[in-house]
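Only one structure is covered here, and it is reproduced in the block below.
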Amino acid sequence: MLEKIFLLRRNGTTVRTEIIAGITTFLAGAYIIFVHPRMLADAGMDLGALTTVTCLVAALATLLVGLWANAPLMMAPGMGLNAFFAYTLVLGQGLSWQTALGVVFLSGLFFLLLTWLGVRERLLRAIPTSLQLATAGGIGLFIAFIGLQHLGLVVRNEAVLVQFGTLSPQAVLGLAGLLLAALLEVRRVRGALLIAILTVSGFGLVGGLVALPKAMLALPPSPAPIAFQLDILGALKWSLWPAIFTFMFMDLFDSLGTLLAVCHEADMVQEDGDIPRLPRMLTADALATVSGAILGTSTTTAFIESASGVADGGRTGLTSVTTAGLFLLAAFFAPLIAVVPPFATAPALIMVGAVMMRGIGRIDFSKFEEGLPAFLTLLLMPLTYSISTGLAFGFLSYTLIQIGIGRFHRIHPLMLAAAALSLVSLTLT
């Protein structure tokens, strides 16, 4: 049966190898169960319901891509995308989280349409590489900034806006967790972030900084407080179209970049460069975002942590099915997840931020027409507490500089549209 469904022999793998790969992928990406609910809870959403929905959406999306595309991929609510949802739209712009879910839903619908029309790749090519790299780096800085705030190391100052906080016991434990995660990553230990989160939580429990869980196992909390609560009509405002575009743009980078990287690692690319299963993977990504918004979470996307399972031999959807099953099982450990404090998840935010900065070295800052827009994108995302503002300044400055030096012909029409949308966004802010 498994051979018929997943074509194991054709892909040069076995059931045992696929199951081990699925466990590896889960361990590498399970930190999202702890980090994601905490971030969206800052937007006023119910933490228990978020834990259940995070596990459920990750399981269903990963199962879909495994069974339908037969690909060894993990899918879950994306980092950076959740930061934009919670800290830019809800806390920054004052949207209700219900309306923000409507924005996510609409971005997923348009993403699905772009996939069916086959223009997602063309849209990606329209954006200069320097801005793509700067976007990832800027989001990384933003996420790390949030992590430092959770540790209490960056605090408000009325005179100079921000300042260094205090080395409280929570901050010290969090920094120790960051060091542990870094050492484990250097040694290529699977599940480094998960191990760091659990270790910090354990020491916090011993030190009286973390409350004892009421139980080890329990039925998952009801998703009712957030499921089917999205406000689509409220999201249908001209002022929110830039936000819809931003979600689409960010998910485009996350999903397509991750899928291409994992497919190459898994030997799923043909000699002519074609990836036969890619259309189904992209469609699964868009469908996961739409269904995730309905259930009550921000944009769902493919996770680069999938590469860890591929490195362990995963080649088919059986890897994904295994990972999906573990996400479902994790939902029953909600009492344990609920007591994990923000200072334990902060190291994961900082580590993810550092990973997202890896491509910055490829930006040629010696060319001012490339370097300045990238710099503004990097700088303004954390300083304005808004991913969309950083994107808007990056798109606008790049377009205006190219026009100013007479290189209008080098600007892709889609890039012009992005710049115009950015101008609208900044004007309405």
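The table for this structure:
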read-out: Long-range amide H partners of Thr301 with built H, under 5 Å; value: Ala76, Gly78
read-out: Protection proxy ranking of 210-217, 86-93, 65-72 - average other beta-carbon atoms within 10 Å, highest first; value: 65-72, 86-93, 210-217
read-out: GNM result for the chain, Cα springs below 10 Å: residue of Gly138, Gly314, Gly204 fluctuating most strongly; value: Gly204
read-out: Candidates Ala392, Ala224, Ala293: whichever shows maximal mean-square fluctuation once the chain is modelled as a Gaussian network with Cα springs under 10 Å; value: Ala224
read-out: Total charge dipole magnitude, the chain, about the Cα centre, Cβ charges on Lys, Arg, Asp, Glu only, Debye to nearest 20; value: 200
read-out: Sites matching chymotrypsin sites (Phe, Trp or Tyr not before Pro) across the range 326-370 that sit in DSSP coil, with at most 16 neighbouring C-beta atoms within 10 Å; value: Phe365
read-out: Among Gly12, Gly257, Leu318 the positive-end extreme of the charge dipole of the chain (Cβ point charges); value: Gly12
read-out: Length released on extending from Ala311 to Trp116, taking residue separation times 0.36 nm less the Cα-Cα span; value: 67.1 nm
read-out: Longest site-free stretch - the chain; sites: GluC sites (Glu not before Pro), DSSP loop, at most 14 other Cβ within 10 Å; value: 272-429
read-out: Rounded D (µm²/s) - the range 6-95, Kirkwood Rh over Cα pairs, Stokes-Einstein at 37 °C, 0.692 mPa s; value: 224
read-out: Value of relative contact order over the range 83-185, rounded to a whole percent, pairs C-alpha under 8 Å and six or more apart; value: 12
read-out: For the chain, built as a Gaussian network whose Cα springs stay under 10 Å, the top-fluctuating residue of Phe228, Phe408, Phe253; value: Phe408
read-out: Average projection area in nm² (convex hull over Cα atoms of the range 207-261, one quarter of hull surface); value: 8.5
read-out: Cleavage-rule hits, trypsin sites (Lys or Arg not before Pro), the range 6-60, DSSP coil, Cβ neighbours within 10 Å at most 13; value: Arg9, Arg10
read-out: Euclidean distance of C-alpha centroids, the range 210-228 and the range 68-145, integer Å; value: 27
read-out: Cα centre as origin, Lys/Arg/Asp/Glu Cβ charges: the range 58-209 dipole, Debye; value: 320
read-out: Label point distance in nm, Ile5-Phe365, each placed 7 Å from Cα along Cα→Cβ; value: 5.1
read-out: Global size of the chain as Cα Rg and Dmax, reported in angstrom; value: 21.0, 67
read-out: Least to most buried among His36, His409, His264 (fewest other Cβ within 10 Å first); value: His409, His264, His36
read-out: Fewest-first sequence of Ile139, Ile19 by Cβ atoms within 10 Å of each Cβ; value: Ile19, Ile139
read-out: Charge context of Gly108, other residues only, Cβ under 12 angstrom, K/R +1, D/E -1; value: -2
read-out: Cα-projected label distance for Leu167 with Gln270, points at 7 Å along beta-carbon direction, nm; value: 6.0
read-out: Taking the chain and dividing mean pair separation by its residue count, relative contact order in percent (alpha carbons under 8 Å, at least six apart); value: 35
read-out: Test item: Cα-centred dipole of the range 197-296, Lys/Arg +1 and Asp/Glu -1 on Cβ, debye; value: 660
read-out: Sparse-neighbour loop sites [trypsin sites (Lys or Arg not before Pro); the range 321-371; at most 13 other C-beta within 10 Å; DSSP]; value: Lys367
read-out: Simple spin-label estimate for Arg16 and Leu329 in nanometres, 7 Å along Cα-Cβ; value: 1.9
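Coordinate-derived values only; no laboratory data. In this text the structure is predicted, and so the values were computed from the model without any measurement. For neighbour counting, all protein chains shown are included, and Cβ atoms are generated from backbone atoms with ideal geometry for every residue, glycine included.
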